[in-house]
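J.: The structure's right below; bear with me while I get my questions together.
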Amino acid sequence: MTDDERIDDVYRSMRDALRACYGEQEPLHVASMIGWQMGGPDPLDGISVFRHPSGHWHYVGAPVTPPVASGAWSRIPSCAR
């Protein structure tokens, strides 16, 4: 498996975990103008914002360093309601 395939798997896992929490809700997406890896000042490539049924907001940051490459994530947590 290539690094790109591993990264795709991580983002797919994130999407699936969030879909379990928020169904088909379309999140608000905010992205940096120039990503960190391209020399920009923003430490996150992007943020997705979901509204939880209880009324609070859930902010999910897209990592700068792919989690698979850094070994930072061993699993994606499940939704706590």
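J.: Could you list, in sequence order, the residues of segment 1-31 that are closer than 24 Å to PRO41 by Cβ, over 10 Å from the mean Cα position of the chain (by Cα) and not in a strand (DSSP E or B)?
T.: ILE7, PRO27
J.: Within segment 32-50, restricting attention to residues that are touching a helix residue (DSSP H, G or I) at 6+ places or on another chain (Cβ under 8 Å) and outside any loop (DSSP other than H, G, I, E, B), which residue is nearest to TYR22 (Cα to Cα)?
T.: Ranking the qualifying residues of segment 32-50, first place goes to PHE50.
None of the figures in this text is laboratory data; all of them are computed from the coordinates on show. Small disclaimer: the values here were computed from a predicted structure and weren't measured. Note that we place each Cβ from the backbone using ideal geometry, even for glycine, and neighbour counts take in every protein chain shown.
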